[in-house]
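Notes follow once the structure below has been shown.
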Amino acid sequence: MDKPVPKKSTKRRSQQPPPHWRKEIESVLISQERIAQRVRSLARQIEKEFAGRDLVIVALLNGTVVFLADLLRRLSMPLRLDFIGVSSYGGGTESAELVFTKELRLDVSGRDVLLVDDILDTGQTLFRVRAKLRRLRPRQIKICVLLDKPSRRVEQIVADYVGFTIPNHFVVGYGLDYAERYRNLPFVGVLHPEMYKNPDFIPLLSAKKRRLLQGVEDELDSDGGQEKPE
Ligand code: XMP
């Protein structure tokens, strides 16, 4: 009798981070290689869509820096670049906390804007930033994010270009931080839940990040999902 052919698992096995990160980072969710591949294909899509247009890339500080630098170097087309600074401070409702720390300087009126952010989560940040940009009357605004966490969406907002759709993990690396750390990891990793309680870091977290971590902690055992490229 023929031996049954073992089925290939479609679930991607989570990778261990390099040894020196293992206490803080639970797993590598998206490797450096996969990110590089995906950034290349996003750049190709963007070049196609904006060919011949007067493109202004507007990136949100600070989480986009690594993704943006890689994406920019893959775009072989004329473009201009500007930044908007957004931070969330204090208590109260999430949207009321949003503070603009750097305003746009370039004129985007009548131009094509590509708004770039690290992660689309509840959608409140990009919803507000897009509303602000719309008042400047650009020709169109498209949104590009490295990561999309649709399970936590509160605002009706859809990104036009998404690197990876991920489940509700608190992720760090490749620009994303926890108390301003881990931005320099070359991969996207899942923060070790032990770190949520680290007394050195907690005072440095914004109210928004604390709530986000609480939500992730509540869901931790029930979520068995995997990230997938768009
Ligand atoms: P909203 O909820 O407004 O959030 O879409 C977007 C901003 O929230 C931060 N954010 C995260 N930062 N790991 C992080 O380091 C995460 O898992 C995460 N989820 C949301 C981030 O600053 C993003 O721009």
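Return the Rg/Rh ratio of the range 24-128 with Cα-based radii and a Kirkwood Rh.
Taking Rg over the Kirkwood Rh, I get 1.00.
Remark: spin-label model distance Asp160-Gln140 equals 0.5 nm, labels positioned 7 Å along the Cα→Cβ axis.
Solvent-free Debye calculation, one equal scatterer per alpha-carbon of the chain: log10 I(q)/I(0) at 0.07, 0.08, 0.14, 0.18 Å⁻¹ equals -0.24, -0.31, -0.91, -1.45. State the answer as a single residue: which of Pro19, Ser151, Gly52 lies farthest towards the positive end of the charge dipole of the chain, with beta carbon charges of +1 for Lys and Arg and -1 for Asp and Glu, about the Cα centre. Sorting the options by dipole projection puts first Gly52. What is the magnitude of the charge dipole of the chain about its Cα centre, with +1 placed on the Cβ of each Lys and Arg, -1 on the Cβ of each Asp and Glu, and no other charges, expressed in debye to the nearest 20? Approximately 660 debye in magnitude.
Across the range 90-184, the convex hull enclosing all Cα atoms gives 122 Å³ per residue.
FYI, it's all coordinate maths here, none of it is from the lab. Since we're looking at a predicted model, the values are computed, not measured. Because the Cβ atoms are built from the backbone with ideal geometry, glycine has one as well, and the counts that use them run over all protein chains shown.
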